[in-house]
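**Q** Below you will find the structure I want to go over with you.
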Amino acid sequence: MSNAPLVLDAATVSQYLPHIDVLQEMRQLFVELGRAQAVQPAQTLTLFPDERGDFITYLGAAAGAGVFGAKLSPYLVQDGPPIITAWTVLMSMETGQPLMLCDAGQLTTERTAATTALAVDHLAKQDATTLAIIGTGAVAQAHWRQARALRQWEKVVVYSPRLSQSGDVQQIWRDLCPQVTFASSAEDAAEGADVVMLSTSSGTPVVDAAVIGTGTLVTSISTNVARAHEIDPAFLSAADVYCDYRQTTPTTAGEMQIAAQEHGWSADRVQGDLPGLAIAQCPTPSGTRPIFFRSIGLGLEDIAVAHALFRAASA
């Protein structure tokens, strides 16, 4: 049937992904969200019976693109390692018909990294030259790909425990970033850096916030672990705090929940978010404190990158 939705598995997605400018898709998305041309509901977490896992639903509607949809990401408890997948359904706002069902694993990695990169572009010092990346896996690698052209990086320092466990990891990074150096700890990597990108799947802090200097931007992402946080929640009280979307992130991000409950921090102290930054409607960093940016991952990000994939696959 000519009107049947596209169904794209991971292998097919990987063929089209290099042809998509994910960072530009995120730029446009947050401009539309800032101008109220897109709708971003809060994500929902649904627990399975008998503690067998959960799934997160990411929703979004983009009027400019004329699409809406959802990504479902389950966390399935097994006897061994849990199974984590993600699939996105893209729908037409004009016809109400499904356009595409696609494996969202790689798309999630790239849109997560591009969202972080967009925050770096808005919040990092213009003369930033030193970048620290905590994490070495696929998400960390995507963070470097998306951020490498945003500043004149003279020094790129990478750390994760995997570095001491596998020489292959170091070679992957040398091929990806010829100027990379490797640190012996997260603190060694972060100390003196202009930007510190936390790109791990950890549910607990991965770097001591005491080494974060004034004016340094720290970015952090989400994982499926309940109340996950990559930095001490107390750090928020000492930083200029930004997020991807202030309407939903503070009630979902683990360190923001904990900071509010245990450290007297309030969501009212969020300085701004990506929609506000995209249309210059929120304050920029003070320059007198560290800067913290938190991304939880938005359904609109999934919809935007899925729509770009749909256009590429349909061309």
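Rule-based calculations on the coordinates, nothing more; no lab input. Note that the coordinates shown come from a computational prediction; the quantities given were computed from them, not determined experimentally.
**Q** Normalising by the residue count of the stretch 189-291, find the relative contact order in percent from Cα pairs under 8 Å and 6+ residues apart.
**A** Details: 180 pairs, mean separation 29.5, N = 103.
In percent, rounded to a whole number, it is 29.
**Q** Now a separate question. Per the Debye formula with a single identical scatterer at each Cα and no solvent contribution, what log10 I(q)/I(0) holds for the stretch 37-123 at q = 0.14 Å⁻¹?
**A** Each listed q corresponds, in turn, to -0.63.
**Q** Roughly what percent of Cα-Cα pairs across the stretch 51-190 reach past 26 Å? Walk me through the numbers before you get to the answer.
**A** Details: 4132 of 9730 pairs.
Taking all Cα-Cα pairs of the stretch 51-190, the fraction more than 26 Å apart is 42 percent.
**Q** Sorted from largest to smallest, which semi-axis lengths in Å does the alpha carbon gyration tensor of the stretch 181-261 give for its equivalent ellipsoid, taking the root of 5 times each eigenvalue?
**A** On the way: eigenvalues 90, 41, 24 Å².
Its equivalent ellipsoid spans semi-axes of 21, 14, 11 Å.
**Q** Looking at (i) 19.0, 60; (ii) 21.9, 78; (iii) 18.8, 54, which value of Rg and Dmax of the Cα atoms in Å comes from a calculation on the structure shown?
**A** (i)
**Q** What number, in percent, do you get for the relative contact order of the stretch 44-103 if the mean sequence gap of Cα pairs under 8 Å and at least 6 apart is divided by its residue count?
**A** Numbers: 117 pairs, mean separation 14.5, N = 60.
With pairs under 8 Å counted, the relative contact order is 24 percent.
**Q** Let me ask you something else. Report the full-extension gain for the segment ALA313 to ALA210: residue separation times 0.36 nm, less the Cα-Cα distance, to one decimal in nm.
**A** Values: separation 103, 0.36 × 103 = 37.08 nm, distance 4.69 nm.
Contour length minus the Cα-Cα distance gives 32.4 nm.
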